[in-house]
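Structure first, then comments.
The values are calculated or read from the model by the stated rules, or taken from the named source; none is laboratory data. Predicted model only: the values in this text are computed from it and were never measured. Note that each Cβ is placed from the backbone with ideal geometry, even for glycine, and that neighbours are counted across all protein chains shown.
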Amino acid sequence: MSSNSAVPELDKDTLFLKSWHTYRQILAENYNQHETLFSKLPDYINSKLKEPFSLLDLGCGDAAYLTKLFHEHNIWRRIISYTGVDLSSEAMKIGEENITGKIIYGYC
């Protein structure tokens, strides 16, 4: 507990789980238009990237949207390497599980 506050400080794991649940709800309800934005990605990739490519995913979170979308559109086979970067190490652990087995070299 902070000496300046009567409100207890949450440990890192508890804080992550609370905020992650809220974030997943926001995604599920498409409040930030993630679904709309991500739905345009396969067409963009197919029109601009003809050769196999490497992908740097800034703000990857758990890579769930990307994993699902790339699987549905058979894009994983064209990715040489994937690197995901996120401020949340907990989200990146989930992301690493989501991309495992999708490509030869990748980490989140």
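Here are some notes:
- Selection from segment 42-69 of residues that are surrounded by 12 or more Cβ atoms within 10 Å (Cβ to Cβ), within 19 Å of residue 24 (Cα to Cα) and not acidic (Asp, Glu): 60, 61, 63, 64, 65, 66, 67, 68, 69
Per-residue answers, yes or no, for (1) more than 27 Å from residue 15 (Cα to Cα); (2) in contact with a Phe, Trp or Tyr (Cβ under 8 Å, 6 or more places away or on another chain):
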site	(1), (2)
55	yes, yes
58	no, no
65	no, yes
70	yes, yes
79	yes, yes
84	no, yes
94	no, no
98	no, no
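- Taking each residue of segment 43-54 that is closer than 11 Å to residue 76 by Cα and at pLDDT 95 or above and looking for partners that are hydrophobic (A, V, I, L, M, F, W, C) and surrounded by fewer than 10 Cβ atoms within 10 Å (Cβ to Cβ) with beta-carbon atoms closer than 8 Å, six or more apart or interchain, yields nothing.
- Within segment 73-104, tally of residues that are in a strand (DSSP E or B) and either surrounded by 16 or more Cβ atoms within 10 Å (Cβ to Cβ) or aliphatic (A, V, I, L, M) (or both): 5
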